[in-house]
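What follows is one structure encoded as structure tokens, with my remarks underneath.
The values are calculated or read from the model by the stated rules, or taken from the named source; none is laboratory data. Owing to the predicted nature of the structure, the values given are computational and were not obtained by experimental measurement. In this analysis, Cβ positions are derived from the backbone assuming ideal geometry, glycine residues included, and neighbour counts consider all displayed protein chains. Just the protein is used for accessible areas: all its heavy atoms, side chains included, with ligands, DNA and RNA removed. Shrake-Rupley method; radii C 1.70, N 1.55, O 1.52, S 1.80 Å.
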Amino acid sequence: MFTGIIESVGKVKSMQPIGGDIRLTIESAGLDFSDVKLGDSIASNGICLTVVDFGSDYYAVDVSRETIARTALEDLKPGHIVNLEKAMLPTTRFGGHIVAGHVDGVGVVSKLQKDARSIYIEIEIPQELAHYTATKGSITLDGISLTTNLVRDNIVSLNIIPHTAQITNISQHWLVGDKVNVEVDIVARYLERLLTKSHTDTNNTSSPQSAITEAFLADNGFMK
């Protein structure tokens with residue numbers, strides 16, 4: 001589990017094909033490796049990946065074909081800058097929002113321009129993810145916890161403050177047409193699941209109807 005607050009950036013050192021998968025090695029002089037162990041999780045551009053090797057300033061992970069197919073990882077090349085966050089601890093200050101590191105899809109930067117001291121950005125996200133987003137809601141892009149300005153159909157607009165741009169890969173690698181990893185708010189996903197009156201499991205058997213409805217949420221102060 002992560003918060004979407006980027007701890008450091010790293011640089012892709014190598015992407016080695018191994019049996020159809022990829023061994024990805026990332027260097028980072030800024031990430032604290034003193035408490036890293038084999039098997040730990042590090043979010044790399046928002047993708048939760050398992051450490052299989054590490055040193056004082058690098059770590060390596062194995063990336064499956066499923067992850068390659070569902071993320072923008074395939075576009076990475078040696079030298080690319082990636083956002084890094086180690087898995088949160090129970091004592092961690094919760095500065096962002098709940099981030100699982102499970103990428104839901106790939107978005108595309110469709111607009112990018114200066115807006116006073118910040119950067120105004122529009123991201124076109126997959127249509128099937130649009131209903132999980134909300135104006136002034138939370139979304140994770142390349143591992144960064146961000147607040148949406150406005151959601152228009154499947155276009156999400158945001159303003160990036162100078163601090164966020166400087167400590168992430170936004171100022172160095174985000175250009176119009178670039179792909180970014182998208183993770184929607186996990187709360188929206190579970191609410192949809194709860195509000196679904198019935199669903200079919202892998203054995204094609206119907207589950208009982210949920211007692212949680214829009215009326216229930218409204219009556220208990222969760223909706224206005």
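In a residue-by-residue description of region 66-77, the property of being farther than 19 Å from residue 105 by Cα and more than 14 Å from the chain's Cα centre (by Cα) applies to at least one position.
The residues in region 13-56 that are at negative phi, open to solvent by less than 60 Å² (accessible area, probe 1.4 Å) and in a loop (DSSP other than H, G, I, E, B) can be counted, and the count is 7. Among the residues of region 181-190, those identified as of a type in the set (A, V, I, L, M) and either more than 16 Å from residue 130 (Cα to Cα) or open to solvent by less than 70 Å² (accessible area, probe 1.4 Å) (or both) are 182, 184, 186, 188. For region 135-180, filtering for residues that are open to solvent by less than 10 Å² (accessible area, probe 1.4 Å) and assigned to a strand (DSSP E or B) leaves 9. Looking only at residues of region 57-73 that are closer than 26 Å to residue 32 by Cα and among the acidic types (Asp, Glu), we find that the one that is surrounded by the most Cβ atoms within 10 Å (Cβ to Cβ) is 62. Do you know which residues across region 59-79 are touching a residue at least 40 places away in the same chain (Cβ under 8 Å) and either among the basic types (Lys, Arg) or in contact with a Leu (Cβ under 9 Å, 6 or more places away or on another chain) (or both)? Once the filter is applied, which keeps residues that are touching a residue at least 40 places away in the same chain (Cβ under 8 Å) and either among the basic types (Lys, Arg) or in contact with a Leu (Cβ under 9 Å, 6 or more places away or on another chain) (or both), region 59-79 yields 62, 63, 65, 73, 76, 77. Restricting 96, 79, 101 to those that are open to solvent by less than 50 Å² (accessible area, probe 1.4 Å), part of a loop (DSSP other than H, G, I, E, B), modelled with pLDDT of 90 or more and in contact with a strand residue (DSSP E or B) (Cβ under 6 Å, 6 or more places away or on another chain) reduces the list to 101.
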